[in-house]
Structure formats: C-alpha cells, structure tokens
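The values are calculated or read from the model by the stated rules, or taken from the named source; none is laboratory data. Quick caveat: nothing in here was measured; it's all calculated off a predicted structure. Neighbour counts run over all protein chains shown; Cβ positions are idealised from the backbone, glycine included.
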Amino acid sequence: MPLRLHKLIWLFFAAFLLAFMWLFLNFGLCTDEIRELELKDRHTRVIEGQLARLQKQRDKLLKDLEYERQKQANPDTSDLPIIYVITPTYARLEQKAELTRLLYTLQHVINLHWIVVEDSETKTQLVTRFLQKSKLSYTHLNVPTPEEYKLAATDPNWLKPRGVLQRNAGLKWLRDNFNPSTGKGVVYFADDDNTYDLLLFEEMRFTRKVSVWPVGLVGYLRYERPVVKDGKVMGWHTYWRPERTFAIDMAGFAINASLLFKRSEAKFSIHVKRGGLESEFLTSLGVTLDDLEPKADGCTKILVWHTRTEKSSLKNEEKMIRKYGQGSDPMIEV
Ligand code: UDP
Ligand code: MN
C-alpha cells in the first residue's frame with residue numbers, strides 16, 4: 001500500500017512536471033512568435049512607408065513628364081495656352097500696393113493676359129497709369145457695383161459677394177475677344193489681395209475643363225481643399241457647408257476658356273446666398289464633380305493664400321494738420 005502511494009506520488013509529480021514543461025515551452029514559443037510577428041509588422045510598416053513615398057515621387061515625376069510632353073508638343077511658348085487672369089479691383093488706400101504686388105507676381109508668368117476690372121463709374125487715373133507702365137499684356141475695364149449691393153463698412157465680409165459684376169465683365173470681354181476654335185486659354189479669377197505662388201499658374205496651364213487645388217488661410221481654417229480619392233474629387237474639406245456642390249473659394253479653381261462658349265449664359269449671380277457664388281457659377285457652366293482635375297499634388301500643396309490686408313488708418317493726418325499746419329501732400333499718389 002505505501003509503495004503504491006509512493007508510485008502514485010511520483011506519477012503525479014511526473015505528470016505535473018510534464019504539464020509544466022509543456023506550458024513553459026508553449027508560452028515561450030508564443031512570446032517568440034509574438035516578437036517575430038511584431039518585427040514583421042514593423043518591417044511591413046517601414047516598407048509601406050517607403051512605398052508611399054516612392055508612389056508620391058512617381059506621381060510627381062509622371063506629372064513633370066506630362067508637363068514636359070505638353071511643352072514639347074508646344075515648342076513655341078507663344079503656342080502655350082494663355083492664362084486669362086480676371087481681377088476685380090476698387091479704389092481704396094491700399095489699392096496701388098495690392099496691384100503692385102500682384103503685378104510683380106504676374107510679370108513672371110509667360111503667356112498671360114491680365115483683365116483688370118475696376119469697380120467704378122469710370123476708369124481711374126491711378127489704375128490707367130499703373131497698367132500703362134505694367135509691361136504686361138492687359139485689358140482695362142470698369143463697371144460699378146450698384147450701391148445696394150455694396151458691403152457697408154460695418155457689414156461682415158461674407159454678407160454680400162464682392163467683385164461679381166466685375167468678374168462678369170471680364171467673362172463678357174473674353175466671349176467677345178477670345179476665339180475658342182483658334183485659341184487655347186485658361187481663365188482664373190485672381191482677387192487683388194491674395195498671394196500667389198508662381199507654380200500655381202503652371203498647374204492650371206493645361207486645364208481641360210476645370211482645375212482645382214487647395215486655398216490657404218480661408219474659411220477660418222488653415223486651408224480649404226477638395227477631398228481627393230484615387231485622383232477624383234469626392235467632396236470638400238471646409239467647415240462652412242461642405243455639402244455645397246462646389247465648396248471652393250474663387251482662388252481655388254481655373255476653367256478652360258472654351259467652357260464659356262459651351263454655356264454662353266453662364267456667369268456669377270449677385271443674388272446668391274452666402275458661400276454660393278463659386279458653386280452656382282460652376283453649376284451654371286454645366287460642370288460636374290467628375291470634371292474636376294485635382295492639381296497641386298492631388299490637392300496636398302498650398303499654392304495660393306486668401307490673404308487680407310489690414311485697413312490702413314489715417315488718424316494722424318488730421319492731427320498733423322492741427323499740429324504742423326499741413327498733412328501729407330494730396331498730389332502724391334499712394
Ligand atoms: N472688390 C471690388 N469691389 C468692392 C469690394 C471688393 O471690386 O466693393 C474686389 C476686390 O478688389 C477683390 C475682390 O473684389 O479683388 C474680392 O474682394 P475682397 O478681397 O474684399 O473679398 P474677401 O477677400 O473679403 O472675400
Ligand atoms: Mn480678399
């Protein structure tokens with residue numbers, strides 16, 4: 001009996017040992033496997049990262065190649081599509097400074113025609129002289145915005161659209177002067193106070209229908225931009241009503257000039273509700289989301305900024321007259 005018990009204890013001990021070894025081995029293996037899996041996972045992520053970078057490089061090179069091909073197909077630069085830049089502008093203290101900055105940008109762009117449209121009853125001396133000295137190919141137009149459509153000094157800037165009739169005057173000039181059967185042209189609406197990277201103009205140069213890209217410092221965001229998936233625009237990264245068909249700022253798109261002739265009535269509406277100006281215009285051109293060509297590296301680069309210039313104060317002019325008998329010379333143009 002004691003012998004049997006002895007055996008039983010041994011047997012029990014052996015079984016326990018075996019079970020323990022089995023567990024130890026398995027557990028050991030498990031952690032090894034996990035470690036190995038983790039390593040593989042990290043490795044995969046590294047490769048995936050490299051692949052994403054290479055794909056980006058490839059896209060960029062393909063784009064450069066496409067641009068070079070396009071240029072070779074148009075060896076004479078005068079045969080490149082002309083970029084028609086439509087700029088509404090109005091008289092204010094900062095006007096000449098804004099126009100000077102914009103002019104110096106545009107002077108660097110080949111095959112460009114600047115359509116400057118003054119919001120005024122008549123063409124002003126300031127803008128007339130400024131354009132005469134500009135060394136740029138330009139057209140000078142004017143059309144006043146009726147008083148009831150003007151923004152009051154105290155109004156928030158989104159209350160009424162600005163530059164509407166002026167952009168339409170630019171479109172009318174194009175319809176009267178551009179020949180879509182012989183010319184190649186792209187139309188871009190460039191406000192006088194924004195900031196433009198020169199690369200932007202080459203991005204839009206070969207627009208087939210409508211090119212789109214992000215705009216920096218707009219909509220109370222760092223940027224707004226089209227949401228792009230597999231090279232297609234799927235929606236809009238905007239805070240304000242992203243459900244708009246084209247939730248895009250004026251600075252964020254360019255159109256092929258020939259579109260103006262397919263929809264000869266298309267223009268900007270002065271009656272649109274807040275944020276509807278661009279969307280309704282593109283809709284009136286018969287554009288669909290499918291027509292949009294995402295530029296600026298799949299809409300990942302900011303090449304234009306919706307900058308706004310601080311209003312200058314002249315509060316010392318009066319004080320100057322009171323204290324010294326005269327202020328700044330009104331004959332000196334600012
Ligand atoms: N503009 C105009 N008449 C006006 C106000 C503005 O022609 O009464 C022009 C302005 O020079 C600019 C464009 O319209 O080129 C857009 O105006 P603004 O920059 O004031 O608009 P925001 O930047 O506030 O959208
Ligand atoms: Mn502006």
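Considering only residues that are in a helix (DSSP H, G or I) and closer than 23 Å to Glu293 by Cα, look in the stretch 159-183 and name the one that is nearest to ligand 1 (Cβ to nearest atom).
We begin by selecting, within the stretch 159-183, every residue in a helix (DSSP H, G or I); these are 164-177.
Now drop any that are not closer than 23 Å to Glu293 by Cα, which leaves 167, 171, 174.
On the way: Arg167: 8, Leu171: 15, Leu174: 18 Å.
Among those residues, the one meeting the criterion is Arg167.
Picking from Thr245, Thr283, which residue would you name as being assigned to a loop (DSSP other than H, G, I, E, B), at pLDDT 95 or above and among the β-branched types (Val, Ile, Thr)?
Thr245
Do you know which residues across the stretch 147-172 are within 16 Å of ligand 2 (Cβ to nearest atom) and of a type in the set (Asp, Glu)?
The answer is Asp155, and nothing else.
Those residues that are within 22 Å of the chain's Cα centre (by Cα) and of a type in the set (S, T, N, Q), I need them from the stretch 68-99; list them, please.
First, the residues of the stretch 68-99 that are within 22 Å of the chain's Cα centre (by Cα): 81-89, 98-99.
The answer is Thr87, Thr89.
Going by the conditions given, is Arg101 part of a helix (DSSP H, G or I), within 16 Å of ligand 1 (Cβ to nearest atom) and out of contact with any Leu (no Cβ under 8 Å at 6 or more places or on another chain)?
So Arg101 passes the test.
When you scan the stretch 68-76, do you find a residue that is surrounded by 14 or more Cβ atoms within 10 Å (Cβ to Cβ), in a helix (DSSP H, G or I) and within 16 Å of ligand 2 (Cβ to nearest atom), even just one?
There is no residue in the stretch 68-76 that is surrounded by 14 or more Cβ atoms within 10 Å (Cβ to Cβ), in a helix (DSSP H, G or I) and within 16 Å of ligand 2 (Cβ to nearest atom).
Kindly indicate which of Ser312, Ser279 is more than 16 Å from the chain's Cα centre (by Cα), under 30 Å from Thr154 (Cα atoms) and within 16 Å of ligand 1 (Cβ to nearest atom). Break it down stepwise before answering.
Working: Ser279 fails: more than 16 Å from the chain's Cα centre (by Cα).
The unique qualifying residue is Ser312.
Go over the candidates Val212, Val186, Val218 one by one and state the one that is β-branched (Val, Ile, Thr), within 16 Å of ligand 1 (Cβ to nearest atom) and surrounded by 16 or more Cβ atoms within 10 Å (Cβ to Cβ).
The match here is Val218.
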